[in-house]
1. Could you list, in sequence order, all residues of the stretch 363-392 that are part of a loop (DSSP other than H, G, I, E, B), over 13 Å from Val228 (Cα atoms) and in contact (Cβ under 8 Å) with a residue 12 or more places away in the chain?
2. What pairs can you find where one residue is in the stretch 301-330 and closer than 19 Å to His141 by Cβ, the other is in a helix (DSSP H, G or I) and of a type in the set (D, E, K, R), and their Cβ atoms are less than 9 Å apart, with a gap of 6+ or different chains?
3. Residues that are acidic (Asp, Glu): list the helices (runs of 4 or more DSSP H) wholly contained in the stretch 115-222 that include at least 3 such residues.
4. Please specify each residue of the stretch 393-405 satisfying the condition of being among the hydrophobic types (A, V, I, L, M, F, W, C) and assigned to a helix (DSSP H, G or I).
5. If you check Val215, Val234, Val293, Val253, which single one turns out to be modelled with pLDDT of 95 or more, among the aliphatic types (A, V, I, L, M) and farther than 28 Å from Leu70 by Cβ?
6. Could you check the stretch 289-317 and list, in sequence order, the residues that are buried (at least 24 other Cβ atoms within 10 Å of the Cβ) and either under 30 Å from Ala236 (Cα atoms) or more than 26 Å from the chain's Cα centre (by Cα) (or both)?
7. Among the candidates Arg56, Arg87, which residue alone is basic (Lys, Arg), within 14 Å of Ala326 (Cα to Cα) and touching a residue at least 40 places away in the same chain (Cβ under 8 Å)?
8. Working only within the stretch 233-287, note down all residues that are out of contact with any Lys or Arg (no Cβ under 8 Å at 6 or more places or on another chain), touching a residue at least 60 places away in the same chain (Cβ under 8 Å) and of a type in the set (Phe, Trp, Tyr).
Amino acid sequence: MEGRPAAPPAVTAADWARRDAAVVWHGFTQMAAYEGSTPVIVERGEGNYLYDTDGRRYLDAISSLWVVTLGHADPDLNRAALAQLERISHSTLLGNGNTAAITLAEALRDVVPVTGPHFLFASDGAAAVEQAIKIAFQYWHNLGVRGRTSYLALGDAYHGDSVGSLSVGDGGFGTDLFDPLRFGVLRTPGYDDPDWVSKAVAVLDEHHDRLAAAVVEPLVQGAAGMLVTDPDRVAAFAGAVQARGVPLVCDEVATGFGRTGAMFASQLCGIRPDLMCLGKGITGGYLPLSATVAASHIFEAFLGEDLGPRTFYHGHSYSGNALACAVAARHLELIVERGLIDRAVAAAERLGDALAPVAALPAVREVRRRGLMTGVELNPPAGASRWGRRVCAAAVSAGVLLRPLGDVVVVMPPLSITDDEIDTIARTLASAIEEVAAEDAEA
Ligand SMILES: *Cc1c(COP(=O)(O)O)cnc(C)c1O
């Protein structure tokens, strides 16, 4: 080894951030500012915590962007993944099957509020929505009905970033430049309008025979900044849609798998969608998997002769990925075995109590909650900039990983969050808000 230069110094988080910025393009992120924003570079996770390359620990208060349910590196989920890995990771679902996808679909059949469900798997929430949009479109075509080419969708909706899901989603989120690519939809107000249901019903009355489907995020419009509505309103909307023969698409990509205090938000509303989109928490945050769930009357409209025109000509390479499906099936069992839905309800109550002092701060406009989905809307003084960003940065340096949507700080911990950890999140958030408010008061 003589003559060789000394071993390079231990690689720090800053080194990793530099390497990162040189080669990785992060979504929804201004890369020119990325390195300077001291990103957390995760090396490993355990339970509700993430550890960076310097060994610092962060409480994952956003469930790694709303996907993690049981915590990180869960020993039971790890075992399920390893057992499947030994058998096979992937084989195509186009024209053939695999035991993991079948087992998962059977388990989901018993919990989804959809009648006679069939599951079309994909890998991302946006793809599940895209599939639902196309299925609804072809459903009418297969029935021989023409002219149902539009969709009813809500203001402030977010359904993903592919062009179709972007189209049923509302503008904003920096996506307005894509407007020329969006297909037109009938847009009625979102949850920030208390009359959103009656306004939607008025449009339904006039245009229902032009609609392929109506698309909704039941109870919580997450990406809009956790705008919430109540179950009765969602039920009234769903009833009005379905009474006019329009298929109801429930996008439960964010709300599914316990996040709202039930397995699915649709259940809290007492509704049964015709099409349902699942993603995010479906694998407990382990692997990319999503699914479009079709009720039997939708599915059956696609039955016909082999290679015939009723077939749904759509599919993804990784549809029904066996590794992801095996983890998702075990995840469903673990939610039940560990009583995590009840735990989510109790944790949500604790979170509400813990955030009461935060809600009382003058620098906070409103705290909106449904289950474990929480938005803390800040109240920045006129001329103040990037409050959401700065508050979250202060929380991160205090060891709680938060990420804002504009000036709304999202708090969405895993179902496995403990009472002590909830208190830590609330205390840290309160200090972070006070810190930023004090900076601006001095300036
Ligand atoms: C996150 C989200 C999506 C998109 O899911 P991706 O996996 O990010 O493509 C769709 N709908 C809702 C309601 C979401 O919150």
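The values are calculated or read from the model by the stated rules, or taken from the named source; none is laboratory data. The model shown is predicted, which means the values in this text are computed figures rather than measured ones. When we count neighbours, we look across all protein chains shown, and the Cβ atoms used for this are built from the backbone with ideal geometry, even at glycine.
1. Across the stretch 363-392, the qualifying residues are Ala363, Asn379, Pro380, Pro381, Ala384.
2. Phe312/Lys134; His314/Glu130; His314/Lys134
3. In the stretch 115-222, there are no helices (runs of 4 or more DSSP H) which contain 3 or more residues that are acidic (Asp, Glu).
4. Answer for the stretch 393-405, where residues must be among the hydrophobic types (A, V, I, L, M, F, W, C) and assigned to a helix (DSSP H, G or I): Ala393, Ala394, Ala395, Val396.
5. Unique residue meeting the criteria: Val215.
6. Listed by number, the residues that qualify are Ser290, Ala291, Thr292, Val293, Ala294, Ile298.
7. Details: Arg56 fails: within 14 Å of Ala326 (Cα to Cα).
None of the other options fit; the residue is Arg87.
8. Phe264, Tyr286
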